Every structure is written in C-alpha cells, then in structure tokens.
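Reviewing the structure listed below.
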Amino acid sequence: MVEGLRFECQSGCTECCRQKGFVYLAEADLARAAAFLGMTAAAFERQYVYRTRHRMRLRVPRNSLCQFLRPDGCSIHPAKPTQCRIFPFWPELLEARREWNKTARWCPGIGKGPLIQIKTARAQAQQMRGAYPALY
Ligand code: SF4
Ligand code: SF4
C-alpha cells in the first residue's frame, strides 16, 4: 500500500477523462446518470452503455474517449460513475507505488494538496471493489 499520499484535483483539468481505457458502470452508476439526464435507465443503457454478461461500460464514441466529456469538463459531473469519482484511489494504484508514480506523470493533482489519511484512501478503494466486483 502506498503511503504519504497527497492529492488535490486541479480545477479545469480533464486529463483523467482523456486517458485510454473504459469507464465501467455499476447498476447504481447507470441509474444515477440516467436520472441526472432525465432518462429512464433503459433508455440510457440503449444509448450509452455496452453490457456483457459480467460487466457494463460506457460506449466509446468515435471521436473522443468519453461521450460526456466537454471542453469545460464532465457533463454529468454530479452523477459521474464510481470509477471517475474515486480516481486516483483505485486499488491497483494504491497497492503499488510504481503505478501511483506512473499515474502522477499525467495527473497534476497527485502530489498536491493535503496529506490523505491512508484509511480514507483505503475506504475509497473499497468502494471501487464493491462497485465493480467483476474487475477485482
Ligand atoms: S487528471 Fe488528476 S487533477 Fe486532472 S481532473 Fe483528473 S484527478 Fe483531477
Ligand atoms: S463520465 Fe465524466 S468523469 Fe468519467 S470519463 Fe467521462 S467525462 Fe470523464
């Protein structure tokens, strides 16, 4: 487990939304985002979600990495999926200093702000595990 973490998300930054990779959804993420957009969960899923037997993720549009990313940030910010909300306290980043440091090369919030208590970071990582059991 990484120790001595500092993190403070930087206003105006959207780097984490521009990284390659999928945005996975828990059922609660889908329901929250649909309600935020005034859609039914079924309609949201038809339009935005790719579901396999064990996982669900946002579809990736052709010309950007996330269909909710706008120049000024996430257009569903108050209802963004768990993995977006919890970043960078993902289990795989907290468990390995090397991965945390690698992420720090592109996330300008890592290393800034107050020291984060390890139990706070662990609780966030635990939320990730709970939201996406098929991934952990
Ligand atoms: S890359 Fe880091 S600083 Fe930038 S928006 Fe994401 S979490 Fe915040
Ligand atoms: S849902 Fe929002 S926070 Fe998550 S990757 Fe897309 S734009 Fe970024």
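Dipole magnitude of the range 54-114 about its Cα centre, charges +1 at Lys/Arg Cβ and -1 at Asp/Glu Cβ only, in debye to the nearest 20?
So the magnitude is around 180 debye.
So which lysines pass the test for LYS119, namely a Cα distance under 28 Å, with those fewer than 8 places away in the same chain ruled out?
The qualifying lysines are LYS80, LYS102.
Using unit Cβ charges (K, R positive; D, E negative) and no other charged atoms, how large, in debye to the nearest 20, is the dipole of the chain about its Cα centre?
Values: 22 positive and 10 negative charges, 64 e Å.
Using only the charged Cβ atoms, the result is roughly 300 debye.
Collect residues whose amide H, placed 1.01 Å from N in the peptide plane, falls under 5 Å from the amide H of MET56; neighbours closer than 5 in sequence don't count.
Counting only residues 5 or more places away or on other chains, the set is LEU25.
So what is the relative contact order for the range 53-136, in percent, with contacts set as C-alpha pairs under 8 Å and at least six apart?
Values: 43 pairs, mean separation 24.1, N = 84.
RCO, the range 53-136: 29 percent.
Every number here is computed from the coordinates shown, using simple stated rules; none is lab data. From a predicted model like this one, the values you see are computed outputs, not experimental measurements. Cβ: placed from backbone, ideal geometry, glycine included. Neighbour counts: every protein chain shown.
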